[in-house]
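One structure is given here, and the rest of the page talks about it.
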Amino acid sequence: RTVIVSRKRFAKRPELPVSMSNKGALLNDEARYPEAEETYREAIKLWKEHVKKEDDTKLASIYNGLARSLREQNKLDDAEKTAIIALNIKERVSGKSSADAAAVLENLGKITQKEGKMKEAENYFTTALSIDKAAFGPRHPDVASDQCSLGRFYTETNRLAKADALLNDSLATRKSFFKYNHPTIARTLCSIGELQLKQNKLTEAKNVLTQAKKIQEQFLSPNHPDLEETNKALLLATK
């Protein structure tokens, strides 16, 4: 509805591409990535045609959302290039150590991890975590997001003790900010379950993954990638 109103009243102002960016974020969360990509691309086109302000953090956020859509579709080269555009804008406007840039750094970490660029990915993740901790302190949702991403990275690269500490910190923070059935809590629970599988703690993994699944089934479609990931891990835990 916001997009519709913005088209009618603010067609040549930032409100329209920003409202489209919000819609794109929702589509990403619903795993409707091609639709999200289309929405973000139109938002960027409208911004360039009418707003014409290149150094703006709102435009950078649109680029970062597009990069996420591309990442989830495994269009990794385009995703990395798009996220770097977003990062360059945010660093020019807000500075290299700004919390505004940290979200893009985390996204770049996920992109480069999928590309197999592990040193780059670790650097992006650790930089994002350091920036957010300096900005918000050790207990903040953005810090918890960074910890979850870095913890998952350490699980994949078999640094399990580091992963364990980060994921449990992430879970504690998210539980202090959100209700027990919040999707981000499920994300961290799933990540802990996958770590426990690598630690051969099958009973613990099954219990944690079952909790994650119960939360995810309340919010996500049956074919959502997060729920599919949890189900796949549960199968391994019950073998």
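Take the residues in the stretch 157-192 that are in a loop (DSSP other than H, G, I, E, B) and within 26 Å of Leu220 (Cα to Cα), then tell me which one is most open to solvent (accessible area, probe 1.4 Å). Walk me through it before giving the result.
Taking the stretch 157-192 first, the residues in a loop (DSSP other than H, G, I, E, B) are 157-159, 178-182.
Next cut, within 26 Å of Leu220 (Cα to Cα) only: 178-182.
Details: Phe178: 64, Lys179: 155, Tyr180: 174, Asn181: 31, His182: 58 Å².
Among those residues, the one meeting the criterion is Tyr180.
Does Pro141 satisfy the condition of being open to solvent by 50 Å² or more (accessible area, probe 1.4 Å) and either within 19 Å of Ala212 (Cβ to Cβ) or in contact (Cβ under 8 Å) with a residue 24 or more places away in the chain (or both)? Answer is no for this residue. Listed by first and then second residue, the pairs linking a residue in the stretch 42-62 that is touching a residue at least 24 places away in the same chain (Cβ under 8 Å) to a residue that is open to solvent by 70 Å² or more (accessible area, probe 1.4 Å) and not in a helix (DSSP H, G or I), with Cβ atoms under 6 Å apart and 6 or more places separating them unless they lie on different chains, are His50/Lys12.
Taken across the stretch 198-209, residues that are of a type outside the set (Ser, Thr, Tyr), over 16 Å from Gly151 (Cβ atoms) and in contact with an Asp or Glu (Cβ under 8 Å, 6 or more places away or on another chain) do not occur at all. Within the stretch 212-234, the residues that satisfy the criterion of being touching a residue at least 12 places away in the same chain (Cβ under 8 Å), under 18 Å from Thr155 (Cα atoms) and either charged (D, E, K, R) or assigned to a loop (DSSP other than H, G, I, E, B) (or both) are Asp226, Glu229. Within the stretch 58-100, being closer than 17 Å to Ser145 by Cβ, at pLDDT below 95 and part of a helix (DSSP H, G or I) holds for Ala99, Asp100.
Can you tell me which residues in the stretch 71-99 are open to solvent by 50 Å² or more (accessible area, probe 1.4 Å), out of contact with any Phe, Trp or Tyr (no Cβ under 8 Å at 6 or more places or on another chain) and at negative phi? Those that are open to solvent by 50 Å² or more (accessible area, probe 1.4 Å), out of contact with any Phe, Trp or Tyr (no Cβ under 8 Å at 6 or more places or on another chain) and at negative phi: Lys75, Asp77, Asp78, Lys81, Ile84, Asn88, Arg92, Val93, Ser94, Lys96, Ser97. Pairing residues of the stretch 100-117 that are under 15 Å from Arg152 (Cβ atoms) with residues that are charged (D, E, K, R) and open to solvent by less than 10 Å² (accessible area, probe 1.4 Å), at Cβ distances under 8 Å and at least 6 apart in sequence or on separate chains, gives Glu106/Asp146. The set of residues from the stretch 8-34 being open to solvent by 80 Å² or more (accessible area, probe 1.4 Å) and either charged (D, E, K, R) or more than 16 Å from Thr82 (Cα to Cα) (or both) comprises Lys8, Arg9, Lys12, Arg13, Asn22, Lys23, Leu26, Asp29, Arg32. If the condition is being basic (Lys, Arg) and touching a residue at least 12 places away in the same chain (Cβ under 8 Å), then the stretch 191-211 contributes Lys198, Lys206.
Is it the case that the stretch 49-70 has a residue that's charged (D, E, K, R) and either surrounded by 23 or more Cβ atoms within 10 Å (Cβ to Cβ) or closer than 22 Å to Pro183 by Cα (or both)? Checked the stretch 49-70: at least one residue is charged (D, E, K, R) and either surrounded by 23 or more Cβ atoms within 10 Å (Cβ to Cβ) or closer than 22 Å to Pro183 by Cα (or both). When restricted to residues that are within 16 Å of Ala237 (Cα to Cα) and under 18 Å from the mean Cα position of the chain (by Cα), the stretch 195-226 contains 1. The requirement of being under 19 Å from Arg159 (Cβ atoms), part of a helix (DSSP H, G or I), in contact with a Ser or Thr (Cβ under 7 Å, 6 or more places away or on another chain) and open to solvent by 80 Å² or more (accessible area, probe 1.4 Å) is fulfilled somewhere in the stretch 193-208, by at least one residue.
Please tell me if Thr127 is of a type outside the set (Asp, Glu), closer than 19 Å to Thr57 by Cβ and surrounded by 15 or more Cβ atoms within 10 Å (Cβ to Cβ). When the stated conditions are applied, Thr127 passes them.
The values are calculated or read from the model by the stated rules, or taken from the named source; none is laboratory data. These numbers come from a predicted model, not from an experiment. Counting neighbours? That spans all protein chains shown, and the Cβs are built from the backbone with ideal geometry, glycine included. Protein only, heavy atoms only, side chains kept; ligands, DNA and RNA dropped before computing areas. Shrake-Rupley method; radii C 1.70, N 1.55, O 1.52, S 1.80 Å.
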